[in-house]
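What follows is a single structure, written as structure tokens, with notes after it.
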Amino acid sequence: MIRVAAVGDLHFDRKSQNRLAEHFLGLESKADLFLLAGDLTQTGHPEEMRVLAEDLRTCPIPIVAVLGNHDYHSDQVQQVIQILEEARVTVLEGSAIVFELKGQSIGVAGAKGFGGGFIGACGSDFGEPEMKAFMRHSKSSARKFETAVRDLHTDYKIALLHYSPTAQTLIGERKEIYPFLGSYSLAEAIDYGKADICFHGHAHAGVERGETPGGCPVRNVAQPVIRHAFNIYTLDRPQLPKPMP
């Protein structure tokens, strides 16, 4: 049984000191791995990330993160990644990492993801160059993510995203913005790569639970949705996942 703590959309700013640190006390007895599903900062400024990094340094278990759209806003992505890595956080973007935990191998494949929409209401790489570029980026980033998931040969495969792979976890958001909250291409990547579970953020007004067309459980762990510092999930076949109290 592997226990995963997960949260997204922390939106740390320069005055967010100790928002997470107090919740890390004794976490090693409750979870084996801590996942961050993007939008870690408010505007992607390095000073905001430094505040979060100071909190994360106190986390007693391994941390894996992806960035979100907010973390890209200030065009200082490499700086914020470096700050996280100096705090012993693994940052993924179309890549993966493997952990050996409790005698089992746990693979985490991560990416920010991108928008594009869902079957029946999605964009197309047709028409203006700007629209073609939008959809081509969506599909190419999903293909890279799929490769990262598929190339894992582990007991469990976890998919970590910021954007949603399913409209099911977007219920509560305005349908007009669904194409900017996720993409069906991400669900295809998860299913073709045979992931066991997916965590994402981004959809503040969405719901926690959904699944891909292939049946992979999807959990929206945006903090405004889960209303906790993080949620803890148990990966234990055949009942996957099972939220802990």
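Looking across the range 194-222, the residues that are among the charged types (D, E, K, R) and not in a loop (DSSP other than H, G, I, E, B) come down to Arg209, Glu211, Arg219.
Select from the range 145-193 the residues that are among the aromatic types (Phe, Trp, Tyr) and either assigned to a strand (DSSP E or B) or surrounded by fewer than 24 Cβ atoms within 10 Å (Cβ to Cβ) (or both) and list them in ascending order. I'd like the intermediate steps shown before the answer.
Kept after step one, since they are among the aromatic types (Phe, Trp, Tyr), are these residues of the range 145-193: 145, 156, 163, 178, 180, 184, 192.
Listed by number, the residues that qualify are Tyr156, Tyr178, Phe180, Tyr184, Tyr192.
Look at (1) in contact with a Cys (Cβ under 8 Å, 6 or more places away or on another chain); (2) free of Cβ contacts under 8 Å to residues at least 40 places away in the same chain; (3) within 21 Å of Val7 (Cα to Cα) and you find that Leu160 fails only one, number (2).
Close Cβ contacts (under 6 Å, 6 or more residues apart or on different chains) running from residues in the range 210-234 that are closer than 13 Å to Leu35 by Cβ to residues that are surrounded by 15 or more Cβ atoms within 10 Å (Cβ to Cβ) and among the basic types (Lys, Arg) comprise Ile232/Arg3. Taking (1) crowded, with 18+ Cβ neighbours inside 10 Å; (2) out of contact with any Leu (no Cβ under 6 Å at 6 or more places or on another chain) in turn, Gly113 satisfies each apart from (2). Can you go through Ala5, Ala53, Ala87, Ala21 and tell me which one is within 14 Å of the chain's Cα centre (by Cα) and in contact (Cβ under 8 Å) with a residue 24 or more places away in the chain? Checking each option against the conditions leaves just Ala5.
From the residues in the range 34-62 that are in contact with a Lys or Arg (Cβ under 7 Å, 6 or more places away or on another chain) and not small (Gly, Ala, Ser), which one is nearest to Ile226 (Cα to Cα)? Top of the filtered list is Asp55.
Of the numbered criteria (1) under 20 Å from the mean Cα position of the chain (by Cα); (2) at pLDDT below 95, the one Lys157 fails is (2).
Set side by side, the residues Gly123, Gly110 differ, and just one is at pLDDT 95 or above and not hydrophobic (A, V, I, L, M, F, W, C), which is Gly110.
Keeping to the range 3-17, report how many residues are in a loop (DSSP other than H, G, I, E, B) and either in contact with a Ser or Thr (Cβ under 7 Å, 6 or more places away or on another chain) or surrounded by fewer than 23 Cβ atoms within 10 Å (Cβ to Cβ) (or both).
Start the filter on the range 3-17 by keeping residues that are in a loop (DSSP other than H, G, I, E, B), which leaves 9-11, 13-17.
So of that shortlist, the ones also either in contact with a Ser or Thr (Cβ under 7 Å, 6 or more places away or on another chain) or surrounded by fewer than 23 Cβ atoms within 10 Å (Cβ to Cβ) (or both) come out as 11, 13-17.
The number of residues fulfilling the criteria is 6.
The values are calculated or read from the model by the stated rules, or taken from the named source; none is laboratory data. All values derive from a computational prediction rather than experimental measurement. Don't worry about glycine lacking a Cβ; one is built from the backbone with ideal geometry, like all the others, and counts go over all protein chains shown.
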